[in-house]
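Written below as structure tokens is the structure these notes are about.
The values are calculated or read from the model by the stated rules, or taken from the named source; none is laboratory data. All figures in this text were calculated on a predicted structure; none of them were measured in a lab. Every residue, glycine among them, receives a Cβ derived from its backbone with ideal geometry; neighbour counts consider all protein chains shown. Ligands, DNA and RNA are stripped out before the accessible areas are found, and what is left, the full protein with its side chains, is counted by its heavy atoms. Shrake-Rupley method; radii C 1.70, N 1.55, O 1.52, S 1.80 Å.
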Amino acid sequence: MPETEKIVYILTHAGEDPERATFPFTLATAAQSMDIDAVIALQGTAVFLAKQGYTKHVAACGLKPLNELMDTFLELGGRILVCQPCIKERNIQEEDLVPGASITAAGQLNEEILSAKATLVY
């Protein structure tokens with residue numbers, strides 16, 4: 001049986017750049033429909049995307065609302081990895097995160113990248 005392909009999307013932008021925050025979720029849900037394992041990693045200000053309620057107000061012209069894309073991504077089994085030092089710096093607690101988001105550190109993210117067919121950074 002062939003191994004499932006995987007793509008890692010690393011986001012470094014949040015509401016200050018709605019297009020860059022939304023495009024990876026658009027691509028990731030498309031990847032899921034192609035039976036590709038999609039992993040989204042949030043670093044820098046992008047960690048705000050994992051904070052409950054934040055994505056309600058993030059929308060890019062011509063794209064689906066980010067909160068809808070994120071919900072679909074998670075419902076389809078997508079994984080959101082949130083940078084531990086980044087949330088600590090921004091005083092975001094684990095209980096503030098959306099269900100389905102998990103805190104990660106550099107080692108685990110490197111493992112995800114090494115096991116992926118491709119990694120894209122936004």
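What to note about this one:
- Theoretical FRET efficiency, 1/(1+(r/R0)^6), r = Cβ-Cβ of residue 57 and residue 3, R0 30 Å, to 0.05: 0.20
- Shape call, region 1-55: gyration tensor on alpha carbons, a/c limit 1.5: prolate
- The chain: C-alpha gyration tensor shape, a/c 1.5 cut-off, then a/b vs b/c: oblate
- For the chain, share of DSSP beta bridges that run antiparallel, in % to the nearest 5: 5
- Think of a 1.4 Å ball rolled over the protein heavy atoms: the chain then has 56 Å² of accessible area per residue.
- Distance (nanometres) between label positions extended 7 Å along Cα→Cβ at residue 111 and residue 93: 2.8
- Restricting region 1-109 to trypsin sites (Lys or Arg not before Pro) in coil, as DSSP defines it, with at most 14 other Cβ within 10 Å: 90
- To put it simply, the accessible area of region 23-122 at a 1.4 Å probe is 53 percent carbon and sulfur.
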